[in-house]
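The values are calculated or read from the model by the stated rules, or taken from the named source; none is laboratory data. None of the values given here were measured: they were computed from a predicted structure. Cβ atoms come from the backbone with ideal geometry, glycine included; neighbour counts cover every protein chain shown. Ligands, DNA and RNA are excluded from the accessible area calculation, which covers all protein heavy atoms including side chains. Shrake-Rupley method; radii C 1.70, N 1.55, O 1.52, S 1.80 Å.
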Amino acid sequence: MTKTNRKVQYLAGLCVSLAFTFTGAVNTWASPAIPKFKNGDANIVISDAQTSWAVSVSALGSLPGCYFGRELSERVGRRKTIILAAVPGFVGAMIILFTKSPLLMCFARILMGIANGITAVVTMIYLTEIADKEIRGALGMLVQVMNNLGSLVLYGIGPFASYNVLNLIVLFISAFFALLCLWVPESPYYHLARGNVAAAKKSFLFLKGSKDSKWADEQMGIMRVHVQESMENRSTLRELISNMKYRRAIYIIAGLKVLQYMTGSLAIQAYLEVIFRQSSSISGPYASIVYGFVQLGAGIGATFLAGYFGRRILMLFSSLGVAMSLTIVGVYFFLKDSVVVNKEVLSSISSLPLIGVLGFNVLYAAGLGNLPYIMQAELFPMNVKAIASSMATMLACVLAFSVTKSYQGIKDVFGHYTVFWSFAAVAGFGVFFIYFFVPETKGKTLEEVQDNMQEAVVEIERLNKTDN
C-alpha cells in the first residue's frame, strides 16, 4: 500500500479556511459597533433603521459575490478565486475605516458581502476536492472554526477598542488570509476539468505527500473518468433545476440552508451584545467574550466530532439542541416582556438567556453551523458543482438578509420571545427533515457519494413508474 502524508492537505485546508475569519469578523462587526453608534464613540450620526441596513446589507452583497465566485472558480481556478476574494473585502474595510456616511457604510458592507459570497462558494469546493475521504469532514469543519475565530477577535477586542481600531482589525484580516493562501496548490479536479493532466498529477502528489507516480496514475485514472463524465454532461442553471437526477440534491441542500440560516445564527451574532445588555446579569461586552470563546471551542470540538460521527447524527443532535436552547431564551423574554413577572423572579432566572444562547452556540457549531457547506460540495457532481454551490449560497444570502433585517422589526412589534420561538420552530422542523431526507456521506469518496445519489434517483423513478 502506498504511503501518504496528509500534512499538505491539513496546511492547505487551514490556510484556505482562514478566509472565513473575515466572514466571521464581518458578521460580528455590528455587535461591538452598535453600542459605539449609540454612545457617540464612533462619531457617526446613524438611526436604528440605518443601522439595521448596515447590519443586514452585507448579505445582499453576497448575492453577486456568489455569481463571481462561480465564474471565477471555473475560469481561473479555486486557488486564485480564494485569493481574489480579498480584494472587495479590503476595499470595503478601507471605506468603513474612513467614512462617516451611513450610505457609504452600507456600500462598503456590500463590498465585504461580495468577498464573503465568493469565499462561501469556492472554499468548500476546494476543501472537498483536495481532502482524503477520511479527513474531508474534519477539514471542512475548519471553516466553522475560522469563522468563530474571526468572531472571537471582534467580541474580545471590539467592545474595549476605539471604533477605528475595530475597523483596522477587519482590514488586517482581509489581507492576512490572502497572503497565507499564496502557496496553496490548485485542486487536481480543476486541472483535470481543464484537460491539464500533468498539472493535476503534480498537484495530486503534492497534496498526498507521495512520490509514487504509478499509484498516482491509477488514482488519476479513476478521477478522470468521473470528471470526464461530469464535464460531458456539463449543465446550465436550467438543466440543474429541471433535470430529475439533481432534484433530490437540490431539495436536501435547500432544506439544510433553511435550517442553517433561519435558526437565527447571524441575527444573534450581530445583536449579541444588545441581547445580553437587555437580559443577562453579566455585562454585554463580557458576555460576548464568553460567547466568543465558547463558540471557538465548540467549533474545534465539532471538528473532532466530524471525524468520529456521521453527518446525519451530528445534524440531528444539533437541530434538536438548537430548538431546546432557543426555546429557553424565548421563555425568559416571554416572562419578562409579556407576563411581566416581578423583579425577584426575573432576577432568579436572569441566567436563562446566557445558558440558552451558549447552548445554542455549542449545539449549532456541532452540526448545523458547517455540515450543510460540506454536504453541498459532496452531493452535486462535478459538472454542476460550481453553479449548484453558487445557487445554494445565493439562497443562504437571501435567508441571511431576511433574518438580520427583520430581527429588529419583529422584536419591536411582537416581542423578543417571538423571535427566538420562531427560530426554535425552524430547528424543530429540521429534526424531522434530517431524519427522513438527508443521506449519510461520511467515509465515502466523492465518486461513491455521486453513485449513491444516482442509485437513489433511479429507485425513486422506478417506484413512481410502479405506482403509475
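Going by a ≥ b ≥ c, the root eigenvalues of the Cα gyration tensor, does the stretch 295-426 fall in the rounded group (a/c under 1.5), the prolate group (a/b larger than b/c) or the oblate group? Here the stretch 295-426 falls in the oblate category. Given R0 = 51 Å, the distance between the Cβ atoms of Ser242 and Glu134 translates into a calculated FRET efficiency of 0.90. Each residue, Lys202 and Phe176, gets one label point 7 Å from its Cα in the Cβ direction; the gap between the two is 3.2 nm.
The length gained by stretching the chain between Asp451 and Val91 to full extension, at 0.36 nm per residue less their Cα-Cα distance, is 125.3 nm.
Summary of the geometry: the stretch 1-56 and the stretch 354-422, compared by the centres of their Cα atoms, lie 15 Å apart. Solvent-accessible surface of the stretch 25-129, averaged per residue with a 1.4 angstrom probe and all protein chains in place: 34 square angstrom. Among 21-30, 309-318, sorting by the average number of other beta carbon atoms lying within 10 angstrom of each residue, highest first, gives 21-30, 309-318. Straight-line cross-link reach from Lys411 at under 18 Å between alpha-carbon atoms covers these lysines, not counting any fewer than eight positions away in the same chain: Lys336. Overall, the accessible surface of the chain at a probe of 1.4 angstrom is composed of carbon and sulfur to the extent of 66 percent. Would you mind getting me the FRET efficiency between Asn39 and Tyr251? Use the beta-carbon distance for r and R0 = 60 Å, nearest 0.05. So the FRET efficiency works out to roughly 0.80. Working ranking of peptides 373-385, 75-87 by packing, defined as the average number of other Cβ atoms within 10 Å per residue, highest first, is 373-385, 75-87.
Of all lysines in the structure, those lying under 22 Å Cα to Cα from Lys385, and not within fewer than 8 positions of it along the same chain, are Lys80, Lys133, Lys201, Lys245, Lys257, Lys442, Lys444. In terms of the mean number of neighbouring beta-carbon atoms within 10 Å, the peptides 11-20, 359-368 order highest first as 359-368, 11-20.
For the stretch 243-467, the solvent-accessible area with a 1.4 angstrom probe is 40 square angstrom per residue. Rounded to the nearest 20, the Cβ-based charge dipole of the chain about its Cα centre (Lys and Arg +1, Asp and Glu -1) stands at 640 debye. Here the stretch 292-342 and the stretch 94-155 have alpha carbon centers that stand 22 Å from each other. Go ahead and run the numbers for FRET between Leu103 and Glu229, Cβ-Cβ distance against an R0 of 35 Å, rounding to 0.05. That pair, Leu103 with Glu229, gives E of 0.10.
Within the chain, helices built from complete DSSP H runs that reach 20 Å or longer along their own axis (Cα positions) and carry a mean Kyte-Doolittle hydropathy of 1.6 or higher are 163-180, 352-366.
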